[in-house]
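Rule-based calculations on the coordinates, nothing more; no lab input. Here the structure is a predicted model, which is why all the values come from computation and not from measurement. Please note: Cβ atoms are built from the backbone with ideal geometry, for glycine as well, and neighbour counts cover all protein chains shown.
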Amino acid sequence: MPQVSQLFFKVAILFLLIGIGMGLQMSISGNHNVIGAHAHTNLLGWVTSALFGTYYALNKEKAAQRLAMIQFGVYTLGVAIMVPSLYLLLQGNAVAEPFVAISSLIAFLGVAIFAFIVFALARERQMPRGPLAVS
Ligand code: HEM
Ligand code: HEM
């Protein structure tokens, strides 16, 4: 598996442990106040990271690009800031709100870079092949 896929799965499983931890905390306490932090830790942190990792594992040329590692860094930074700050915000700490806002934008940037990676090389593949092209 490419290194970027390994990294995505390593952070994804950490987010799943944290996300499930929040779910258990809600279930046990009967207080569902951190539902948004739980949902987004699991869906942005576990599901989406694992999907990125899977995509790169299936597209090794794209995984080898430096931009793939930049995309991993930007997206993961966004989600890693979002998880604790959203949790704190939903626990009633209004001071965390700007961190939620900034981290959401960073995560969005990570998604936008991924969209670029998906479309940019797809276009390259569609270029007409010359007579000397192999396979
Ligand atoms: C043992 C594991 C888990 C526990 C104990 C748990 C617990 C909970 C609880 C207590 C709620 C609040 C329900 C409500 O107030 O309506 C909730 C909501 C939610 N959970 Fe989990 N959860 C777990 C795993 C997961 C996983 C793995 C995912 C996603 C991959 C997930 C996604 C969600 C979502 C999206 C919501 C919000 C649903 C809505 O908006 O109605 N949960 N969970
Ligand atoms: C930076 C990206 C994202 C932002 C800023 C964002 C923002 C929001 C907001 C403001 C809500 C309403 C919360 C409430 O009413 O309490 C919400 C709910 C929800 N979002 Fe997202 N979202 C993002 C990404 C995603 C992604 C990628 C998924 C799924 C893969 C997702 C799944 C959900 C679900 C299931 C809910 C309902 C559960 C809840 O109330 O928390 N979101 N989101």
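Quick notes on this structure:
- Given +1 at the Cβ of Lys and Arg, -1 at the Cβ of Asp and Glu and no other charges, the dipole of the chain around its Cα centre is 480 debye to the nearest 20.
- The helix-only estimate of mean residue ellipticity at 222 nm for the chain, built from DSSP H runs of length n ≥ 4 each weighted as -39500 (n - 2.57), is -25000 deg cm²/dmol after division by the residue total.
- Per-residue 3J(HN,Hα) values for segment 37-52, derived from phi via the Karplus relation 6.51 cos²θ - 1.76 cosθ + 1.60 with θ = phi - 60°, read 5, 4, 4, 6, 5, 6, 7, 7, x, 8, 5, 5, 4, 5, 5, 4 Hz in sequence order (x marks Gly and Pro).
- Summarising the label geometry, the points placed 7 Å from Cα in the beta-carbon direction at residue 102 and residue 28 lie 3.2 nm from one another.
- Normalising the average separation of contacting C-alpha pairs (under 8 angstrom, six or more residues apart) by the number of residues puts the relative contact order of segment 3-125 at 27 percent.
- Sequentially through segment 69-81, phi angles give Karplus couplings (6.51, -1.76, 1.60; θ = phi - 60°) of 5, 5, 4, 4, x, 5, 4, 5, 4, x, 5, 5, 7 Hz, Gly and Pro residues having no value and appearing as x.
- Value of Rg/Rh across segment 3-125 [Cα atoms, Kirkwood radius]: 1.04
- Derived scalar couplings ³J(HN,Hα) [segment 12-25; Karplus, 6.51 cos²θ - 1.76 cosθ + 1.60; whole Hz; x for Gly, Pro]: 4, 5, 5, 5, 5, 4, 5, x, 5, x, 5, x, 5, 4
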